[in-house]
Amino acid sequence: MRGWKPYVPAAQRRQKALQAMARMRKSGGDIQPVRIEGRLIARSFWGKAWCHHLESYSDFENRLPRGRTYVRNGSVCHLEILRGRVNAKVQGSRMYDVAVDITPLPRPAWKSIKERCTGKIASLLDLLQGRLSTGVMEVVTDRAQGLFPSPREIRMECSCPDWATMCKHVAAVLYGVGARLDEQPELLFLLRGVDHEELIDARAEAAIQAVVSGGKGRRIAEKDLGAIFGVEIDAEAPPAKGSSTNTPFAKTRLPPFPAAATGSDIRKLRERLRLTRREFSQLLGVSEAAVSVWERSFEALRLQLRTRSALERAWALRGKRP
């Protein structure tokens, strides 16, 4: 009878999963298993919110419990999150291939989320760690207009013989997504086909517009600049000894990156590399709006370590461009 399959004890299924993963690794596959420690599937804001959202739909309530058992015992041997799709392998009586297609978030819905969140998220780090105000949490987790997909936006396929729309292998994968968001919350935005940095860019662009429309005498507040981009303005910092914003292009020994870099230094570096702001931001791993704000600053920038390291690497490229 279709749908019948022999029962495989959890311990035996886990052993088979470990053996299968070992074979896939040996063959050179990029294996990304889901590992659950303890009983909790998800511990972070984003992981818990994903699981809670799934459990809020009566369409899923009968099948989700079996999925929890599967994901907890290590049966999800591989789970890869892409734009609009989740590919996975789940160990049951044999290895099954699971594919979950997620409809990209409609542009109007994403625009609405950005507008409602503008100025309410302090930094990218706060966003990814779920350190959000109650108002922002309500926006992103809204059942009808938030970031998480509704049942009609989820299409599921599994190679197992179960005729149910959501078999236990698919359910395990959906819970596995929640566990993966604990480690990489930005994957939720990738899955929905949107750029999470735009939630920060919206605030930055609003701040930039305020400066531009207010004339040269206005400045973005130091606390706002640091909160948005992890950059602090040090108005008292003196120029670095021996540094100059007019240093000619080095053909021999390259001078060090300025210890007290200004917006002018950032702009000249970008222009010397012949990069657009978007290309430069991608090189540094920051948002385009961050570069825009930096270049508008007249004071010395006190940069976080990660950002400064990225700029120093870009500075080193400066000596290699014709």
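The values are calculated or read from the model by the stated rules, or taken from the named source; none is laboratory data. As the structure is a prediction and not an experimental result, all values here were calculated from the model. Note that we place each Cβ from the backbone using ideal geometry, even for glycine, and neighbour counts take in every protein chain shown.
In the range 116-128, the residue that is nearest to LEU191 (Cα to Cα) out of those that are in contact with a helix residue (DSSP H, G or I) (Cβ under 7 Å, 6 or more places away or on another chain) and either surrounded by fewer than 19 Cβ atoms within 10 Å (Cβ to Cβ) or among the small types (Gly, Ala, Ser) (or both) is LEU128. From the list ILE228, ILE266, ILE208, the one residue that fits, being surrounded by 19 or more Cβ atoms within 10 Å (Cβ to Cβ) and at pLDDT below 85, is ILE228. For VAL173, indicate whether it is at pLDDT below 95, in a helix (DSSP H, G or I) and of a type outside the set (Lys, Arg). The answer is no for VAL173. In the range 129-165, the residue that is surrounded by the most Cβ atoms within 10 Å (Cβ to Cβ) out of those that are among the acidic types (Asp, Glu) and under 23 Å from GLY119 (Cβ atoms) is ASP142.
If I filter the range 284-293 for residues that are at pLDDT 75 or above and more than 24 Å from the chain's Cα centre (by Cα), do I get at least one hit? Looking through the range 284-293, none of the residues is at pLDDT 75 or above and more than 24 Å from the chain's Cα centre (by Cα).
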